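Asker: Handing you a structure now.
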Amino acid sequence: MKVKFSLNRSQLKIIAIISMVIDHVAWGFVDFYSPLGQFLHVCGRFTIPIMCFFVAEGFRKTHDIKKYLGRMASAAVISIIPFYLFFGEEYGYRQNIIFDYLLGLLMLTVLEKSNFKKWQKYLLVALLFAVSATVGGWIITPSVFILAFYYGRTFAEKAKWFIIGDLVTVGFLVVAISLNSIYHFAHYDWVWWDKFYLLGFMLALPLLYVYNGEKGSKLPGNTFYYWFYPVHFIVLVAIKALTIDFQGGKILYLGLHIVLLVSIIFMLEAVLRTRTSRGQNAIVFFMVTGMIYVVGFIVEILSTTAEGYYLACLVQYFGEFALFISVIFFVSECSLIQFPRFVYLIHIVISMALEYTLINTRETGFFYSYIGVDDSGTVLRPILVHSTGFYLTIVYMVFVCLEVLGIALYIFKHGSDIEIKRMRLILWALIFCWVPYGITLTGITGGYEIPAVGIFIAGVLLYNCFFNYGTLDSVALASENAIDKAHEGMLVVDDRYHISFHNRIVDEILGDIPHNIDIRQNEQAAGILKGEIEHIEVGDKIYEVSVEELKKGKYSQGFMIWFLDVTEHLQLLDNAREMAHHDALTGLYNRSYFKELVDIDVSEGRKGSFLMMDMDNFKLINDRYGHQRGDSVLKNLAKILSAYPEDEMYACRVGGDEFCAYLRDRTDTGYVESVISEIMEDFNHTFRANDEVKCTISVGAVIND
């Protein structure tokens, strides 16, 4: 099965958030001019293009621009203090990136939503650009990106203007920095190539190209980025304070691992409470070995001697070797590929051999040539000098990762949809096993190693894989998928009025409503439950709503709300009603419905006048010019009669060339005669001057006064 790679909105936002954190970690903990610093800053350039793209998309789709602007402005204000706490004097009076997004959003609002004259719009936009140039964090760049993404008609056009904007920005900065080195008009001590890393903005374009327009997961939500932005600054400031050779860093480090251990225990308990399945054994194996691994780090943190660090290494590597075997086991169960037993035997033998070299390393120096204690600071730390066994362990772990990757590629090509979903989570879990090592290299952890964090995140992903895509526990999942693909909207409410489940159609009808909220918080849903709303119109569709109480015995367990698409049904009814009441050729009322309408007026005591019309020479028109021309003559008279509003006149085709009309509430002779004259005159004008045969109408009137 061929899988087309694409990214939804949630996935792109997660990439943007990760990229932002990498960039800010580099600003806070890595030398800017070092190769690692430059690499991390390039990796951090995905955020602004992705968020600018979604600002433009959000402006296009939002139903309340004032609310959107208010949310953005609030986030910009809330972020001011955390932003300055982290960057200190570096940015001076300039503002955070959300302020730049706000300026771009204001530009679009002025250009598209305001009632100003064109010159006034351009003046206001110019002023906003001036504000960006003077106090914006990125000096007009985000605003340019937002305008490029909004006004580009195709992705190619958006990308073209985006690239031009990026190149012009970098070119301007290179020139400005070069001039500053001569004239010193700014206090920044930059070199001319200082801003080339900004060309990394263009790396985001391939990711945006594969954007599929879908929302994706509800996490992160629309406001998550706004909250994450200031909060992550506060966390980084705290880490900065705690990891500069400070005793509090060790306390934080120990507390983190205790929390991770307890969290894994809770996840393990939840797994053990489920009914037995193939996936259960594999996830239990992973959780147990993960606990052993975390315990190894706790032993290391509490140790103060070389013997203690040696013991910690034994526990850590035993847990790590077992972890990788458990991953192979989990992959086998989730992909339904039964590995031969000798595969597991090979992994066990290799792991035991490497563990044995570690056990004897103090005598042989094969795994670590030296294990000691670093007491140069206020916090004791282990000194581990790597040797051959350590590097062989790295090679083995890379081999296991490649083994899993090979299986993943096979599953992506040949597996079922649910197997592909499982494998994606497993790959993410494997990636997060390695991410903490990269974070440690940046220096952000102050020398403390945090691979246990990666193991915990991997555990959460595999835990999610087990519960959402379990091998033998997928009946509920299959049922939910089937319901989600149904043509009717379904919403289940429990006895506390909390939403237990709803499918995608309900989201389209009522908006993006989360699970487990009180249904009464949604105005439309609450009206449905009370019986106040029976039909809902969404776009060009009409949904009929029904509420069914769910009972077990005499006790209510909640409600099932159905949303049935009755658009086509109502259209058919309207068409049937139209056909039943109207003449097929002329569109006027037919004789029976005309009589029904007039009878209603008469029964209500209303007066009126009848007009009876008959065409002269109509047969000659048919004989000379054909029935198509005759039909046209009939339609012309119908058009004349239809021009009168229904509150003044009912008109019908009695049959053939005979028509009838009823003037409502008009019995004065003068008015009736003027209407007759008007109809006859308009009808006579419908014939061409060169027509040899002309049709006229005879009109008689009966006044019911």
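The numbers here are math on the coordinates, done by the rules we state, and not lab data. Owing to the predicted nature of the structure, the values given are computational and were not obtained by experimental measurement. Cβ sites come from the backbone with ideal geometry, for glycine too, and all protein chains shown count toward neighbours.
Asker: Between the helical axis of 9-29 and the dominant principal axis of the chain, each derived from Cα atoms, what acute angle in degrees is found, rounded to the nearest 10?
Answerer: 40
Asker: Still on this structure: Taking 8 Å as the Cα distance limit and 6 or more residues as the minimum spacing, I'd like the relative contact order of region 601-705 as a percentage.
Answerer: With pairs under 8 Å counted, the relative contact order is 47 percent.
Asker: Then there is this: With each pseudo-label sitting 7 Å past Cα toward Cβ, what's the M680-T134 distance in nm, one decimal?
Answerer: Once both label points are built, they end up 8.0 nm from each other.
Asker: Given the options Q521, L85, L441, identify the residue whose Cα lies farthest towards the positive end of the charge dipole of the chain (+1 on Cβ of Lys, Arg; -1 on Cβ of Asp, Glu).
Answerer: Positive-most Cα among the choices belongs to L441.
Asker: For I600 and T669, FRET efficiency with R0 = 25 Å and r from the beta-carbon atoms, rounded to 0.05?
Answerer: 0.50
Asker: Using only Cα atoms, figure out Rg for the chain and give it as a multiple of 2.2 N^0.38 Å.
Answerer: Against the compact-globule rule of thumb, the ratio is 1.42.
Asker: Using +1 at the Cβ of each Lys and Arg and -1 at the Cβ of each Asp and Glu in the chain, identify which of S181, N8, I697 lies farthest towards the dipole's positive end.
Answerer: S181
Asker: So, with +1 on the Cβ of K and R and -1 on the Cβ of D and E, and no other charges, what is the size of the charge dipole of the chain about its Cα centre, to the nearest 20 debye?
Answerer: Numbers: 57 positive and 72 negative charges, 398 e Å.
In debye, rounded to 20, the chain gives about 1920.
Asker: Considering only Cα-Cα distances, which of the following residue pairs are longer than 18 Å: K13/K413; K113/K160; K13/K67; K67/K113; K61/K113?
Answerer: K13/K413; K113/K160; K13/K67
Asker: Before anything else, pin down the relative contact order of region 247-473: Cα pairs under 8 Å, at least 6 apart, normalised by residue count, whole percent.
Answerer: 22
Asker: Right, next: If we count other beta carbons within 10 Å of each Cβ, what is the order of V385, V294, V25, fewest first?
Answerer: Listing V385, V294, V25 from fewest to most nearby Cβ atoms yields V385, V25, V294.
Asker: Could you work out how far helix 224-242 tilts from the main Cα principal axis of the chain, as a 0 to 90 degree angle to the nearest 10?
Answerer: For helix 224-242, the angle is close to 10 degrees.
Asker: If you keep only loop residues by DSSP, which trypsin sites (Lys or Arg not before Pro) in region 1-84 have at most 11 other Cβ atoms within 10 Å of their Cβ? Write out the running numbers ahead of the final one.
Answerer: Working: sites: K2, K4, R9, K13, R45, R60, K61, K66, K67, R71; in loops: K2, K4.
Taking region 1-84 and a limit of 11 other Cβ atoms within 10 Å, the loop trypsin sites (Lys or Arg not before Pro) found are K2, K4.
Asker: Scan region 1-66 for chymotrypsin sites (Phe, Trp or Tyr not before Pro) in coil per DSSP, keeping those whose Cβ has at most 14 other Cβ atoms within 10 Å, and list them by number.
Answerer: Hits after loop and neighbour filter: F5, F32, Y33.
Asker: Compute and list, largest first, the equivalent-ellipsoid semi-axes of region 498-553 from the alpha carbon gyration tensor, each √(5λ) rounded to a whole angstrom. Intermediate values should be presented prior to the final figure.
Answerer: Numbers: eigenvalues 71, 44, 24 Å².
One finds semi-axes of 19, 15, 11 Å for region 498-553.
Asker: With a 10 Å Cβ neighbour count serving as the proxy for reagent exposure, in which order, fewest first, do W138, W193 appear?
Answerer: W193, W138
Asker: When the Cα atoms of region 602-643 are enclosed in a convex hull and the volume is divided per residue, what value in Å³ results?
Answerer: In region 602-643, the Cα convex hull volume per residue is 92 Å³.
Asker: Let me ask something additional. Return the percentage of antiparallel bridges among DSSP beta bridges fully within the chain, rounded to the nearest 5 %.
Answerer: If I count the DSSP bridges inside the chain, around 95 percent turn out antiparallel.
Asker: Let me ask something else. I'd like the Kirkwood hydrodynamic radius of region 247-473, using the inverse of the mean 1/r over distinct C-alpha pairs, in Å.
Answerer: This gives a value of 18.4 Å.
Asker: Can you tell me the length gained on complete extension of the stretch V538 to H386, counting 0.36 nm per residue apart and subtracting the Cα distance?
Answerer: Residue separation times 0.36 nm, minus the Cα-Cα distance, leaves 48.2 nm.
Asker: What base-10 log of the normalised intensity I(q)/I(0) is obtained for region 586-704 from the Debye formula, alpha carbons as equal point scatterers, at q = 0.09, 0.14, 0.20 Å⁻¹?
Answerer: -0.25, -0.58, -1.08
Asker: May I ask you to list the residues of region 648-688 whose amide nitrogen lies under 14 Å from a point 7 Å from Cα along the Cα→beta-carbon direction of D623?
Answerer: Answer for region 648-688: none.
Asker: Determine the dipole magnitude for region 1-120: charges of +1 sit on the beta-carbon of Lys and Arg, -1 on that of Asp and Glu, nothing else is charged, the reference point is the Cα centre, and the result goes in debye to the nearest 20.
Answerer: Working: 14 positive and 8 negative charges, 178 e Å.
Computed about the Cα centre, the dipole is about 860 debye.
Asker: Set the Förster distance to 51 Å, then compute FRET efficiency between L402 and L564 from the Cβ-Cβ distance, nearest 0.05.
Answerer: The computed FRET efficiency comes out at 0.50.
Asker: Another question about this same structure. Provide the percentage of antiparallel DSSP beta bridges, counting only those with both residues in region 576-705; round to the nearest 5. Please report the intermediate quantities before stating the final value.
Answerer: Working: 23 of 24 bridges.
Within region 576-705, antiparallel bridges account for around 95 percent of the total.
Asker: Check which residues have an amide H placed less than 5 Å from T305's amide H, if you skip close sequence neighbours.
Answerer: Under 5 Å from the amide H of T305: no residue qualifies.
Asker: Right, here's the next one. Suppose R0 equals 41 Å; then what is the FRET efficiency for L205 and L272 from their Cβ-Cβ distance, rounded to the nearest 0.05?
Answerer: Using R0 = 41 Å, I get an efficiency of 0.30.
Asker: Still on this structure, please answer the following. Sequence gap at least 6, Cα distance under 8 Å: using those rules, report the relative contact order of the chain to the nearest whole percent.
Answerer: 9
Asker: Another question about this same structure. Figure the gain on full extension for I81 and V262 (residue separation times 0.36 nm, minus the Cα-Cα span) and round it to one decimal in nm.
Answerer: Answer, rounded to one decimal: 61.8 nm.
Asker: Also, quick follow-up: If I fit a long axis through the Cα atoms of helix 341-359 and take the longest principal axis of the Cα atoms of the chain, what angle between them do I get, 0 to 90°, rounded to 10?
Answerer: 40
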